[in-house]
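Some notes on the structure that comes next.
Coordinate-derived values only; no laboratory data. Note that the structure is a prediction, hence the values are computed from the model and not measured. Backbone-built Cβ (ideal geometry, glycine too); neighbour counts: all protein chains shown.
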Amino acid sequence: MRILIIEEDVDFGKALSDTLIENNYQADIAENAGDAKYYLDIRNYDLVLLSWPKSNDKTVDMIANIKNNAHKTSVIVISERDDKESEIKALRSGADDFIRKPIDFDILLVRMEAKLRFGVSNIIEIEDLIINPEEEKIIYQGEEIELKGKPFEVLTHLAIHKDQIVSKEQLLDAIWEEPELVTPNVIEVAINQIRQKMDKPLEITTIETVRRRGYRFCFPKEIS
């Protein structure tokens, strides 16, 4: 599960990130709205932890943008505001939960688990193709397709961004934990695996190469 932390307090953000990583989550930290937009544009998040300081009334406006662009992403607001009106405003803005600072990390983890457990399904269904990211499973016309690991993650990321051109650099940032340590060639290897194990046997095309720009999920598209 990948979590985005939006927190201007560097020390608190680091402590929160360390706690999540210790509990087997992947975590990114954005210290401001600009950084948050960058991460949300290139990666898919299961949940966003959004800090709402007393000094910024507009923070909750970000919730609508997050939900509009990724409606399956849960948002938990963490705030130093202790008034009832702020909690109501956050929830009415689309937040899935509201937690006041100072927080108990154990309680936060439990409430995160609840939101992730009962959140909107991440299953992708396009005609006869079903992609289940949580179980790393692909089903086409009732038959399960054997595609695992990074090729599966690449296919899923492109399917989530259907009809959009996604560059190699964006795929590396979205899927590899340390993209600076691998070469763009790993993307070509993953795409080739998808085509060899899925497209050719099924006589379909799921991904097309857009020269000098990247890749695009294009299913359904029959091979001519």
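On the principal axes of its Cα set, how long, how wide and how thick is the chain? Give whole Å, largest value first.
Reported extents, whole Å, longest axis first: 62, 36, 29.
Which of the lysines could be linked to residue 84 by a straight reach, that is with a Cα gap under 20 Å, when you skip same-chain ones fewer than 8 residues away?
In chain and number order, the partners are 54, 58, 101.
Pick out, in residue order, every one of the trypsin sites (Lys or Arg not before Pro) in the range 149-211 that is DSSP loop and has at most 10 other C-beta atoms within 10 Å; say none if there are none. All intermediate terms of the calculation are to be shown ahead of the outcome.
Working: sites: 162, 168, 195, 197, 211; in loops: 162, 211.
Those satisfying the criteria are 211.
How many percent of DSSP beta bridges within the chain run antiparallel, rounded to 5? Walk me through the intermediate numbers first.
Values: 16 of 35 bridges.
Looking only at bridges with both residues in the chain, the antiparallel portion is about 45 percent.
Within the range 161-198, report the GluC sites (Glu not before Pro) that DSSP leaves as loop and that have at most 11 other Cβ atoms within 10 Å.
Details: sites: 169, 177, 180, 188; in loops: 177.
When the GluC sites (Glu not before Pro) of the range 161-198 are filtered for loop state and at most 11 Cβ neighbours within 10 Å, 177 remain.
Please give me the summed charge of the neighbours of residue 57: other residues whose Cβ is under 15 Å from its Cβ, Lys and Arg +1, Asp and Glu -1. Don't skip to the answer; put the middle values down first.
Values: positive: 54, 58, 81, 89, 92; negative: 8, 61, 80, 83, 85, 87.
Combined, the nearby Lys, Arg, Asp and Glu give -1.
How charged is the neighbourhood of residue 97? Take every other residue with its Cβ under 9 Å from the Cβ of residue 97, and add Lys/Arg as +1 and Asp/Glu as -1. Display every interim value, and only then the final one.
On the way: positive: 111, 115; negative: 96.
Charge balance near residue 97 sits at +1.
What net charge is computed for the residues neighbouring residue 69, neighbours being all others with C-beta under 13 Å from the C-beta of residue 69, Lys and Arg scored +1, Asp and Glu -1?
Values: positive: 37, 43, 67, 72; negative: 41.
Net local charge, residue 69 excluded: +3.
When the convex hull of the C-alpha atoms of the range 2-117 is computed, what volume per residue in Å³ does it have? Write out the running numbers ahead of the final one.
Working: hull volume 10.9 nm³, N = 116.
So the per-residue hull volume is 94 Å³.
Give the distance, in whole Å, between the Cα centre of the range 125-193 and the Cα centre of the range 14-84.
A separation of 24 Å, based on Cα centres.
Rounded to the nearest 10 degrees, what's the angle between the helix 185-194 long axis and the longest principal axis of the chain, both from Cα atoms, 0 to 90?
So the inclination is approximately 60 degrees.
Which value at 222 nm does the chain reach when only helices count, each DSSP H run of 4 or more adding -39,500 (n - 2.57), with the total divided by all residues and rounded to the nearest 500 deg cm²/dmol?
Values: 8 runs with 84 residues, N = 224.
Using -39500 (n - 2.57) per qualifying helix, the result is -11000 deg cm²/dmol.
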